[in-house]
Amino acid sequence: MSKAKKKRAGLSRASKTMQFEPVPPAVYEALETEAWFRRHLDEPRRRTGSKAAASDSSRAKEGIFEEALRWFLAHFERRPPEHFERVMRSWVRTAFWVSDDVLERCRAMAQRTGVDKRQLIATALNLYCQRRVPQELVAFRHEIYSEVRKLYSKHRVSVRKALRTISAP
């Protein structure tokens, strides 16, 4: 199987389950930033106009959630962390697809450690972001978005002025 076919097969939603999990705002921002940065790194390799390129962005984000859970399980499945996140009602409920095997491992680990699956997933995502997503990258993304908003709003004003006619009909 070619590398491209393997990649597409990995993005398939067969044997995956949709999860609606609460995620702390800072963790959500870090995961969004990681997905954003990866999309920009992959941009030169993607073919413009192809269906695969159009659908890759949301699936790349979903892949990060599963990657974070796999990373957590690889590092903490045998020796769980001492502290698990307390899930807050104010957190953003996020939807993402997870492989059934990863989800089953998360459930089993949660049961062994005596915590709720939601706590385990929140802790997994938090630890992944703390160790794998630099805060400088998150701050950089916020700066870029702030600058883009300023430029766009400036541009929008000049476009509106240019579209106005001197004498209204």
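The values are calculated or read from the model by the stated rules, or taken from the named source; none is laboratory data. Small disclaimer: the values here were computed from a predicted structure and weren't measured. Cβ placement follows ideal geometry from the backbone for every residue including glycine, while neighbour counts extend to all protein chains displayed. Heads up: the accessible areas ignore ligands, DNA and RNA and are worked out on the full protein's heavy atoms, side chains in. Shrake-Rupley method; radii C 1.70, N 1.55, O 1.52, S 1.80 Å.
Descriptive notes on the structure:
- For beta carbons closer than 6 Å, sequence separation of 6+ or different chains, a first residue in region 62-77 that is closer than 12 Å to residue 125 by Cα and touching a residue at least 24 places away in the same chain (Cβ under 8 Å) and a second that is open to solvent by 10 Å² or more (accessible area, probe 1.4 Å) and among the acidic types (Asp, Glu), the qualifying pairs are 64/34.
- The single condition among (1) in contact (Cβ under 8 Å) with a residue 40 or more places away in the chain; (2) exposed (fewer than 13 other Cβ atoms within 10 Å of the Cβ) that residue 144 does not satisfy is (1).
- Of the residues making up region 78-92, just one is closer than 27 Å to residue 38 by Cα and open to solvent by 50 Å² or more (accessible area, probe 1.4 Å), namely 92.
- Hits in region 93-109 - residues which are open to solvent by 50 Å² or more (accessible area, probe 1.4 Å) and more than 19 Å from residue 67 (Cβ to Cβ): 93
- Residue in region 119-133 that is open to solvent by 70 Å² or more (accessible area, probe 1.4 Å), under 29 Å from residue 41 (Cα atoms), in contact (Cβ under 8 Å) with a residue 40 or more places away in the chain and assigned to a helix (DSSP H, G or I) present: yes
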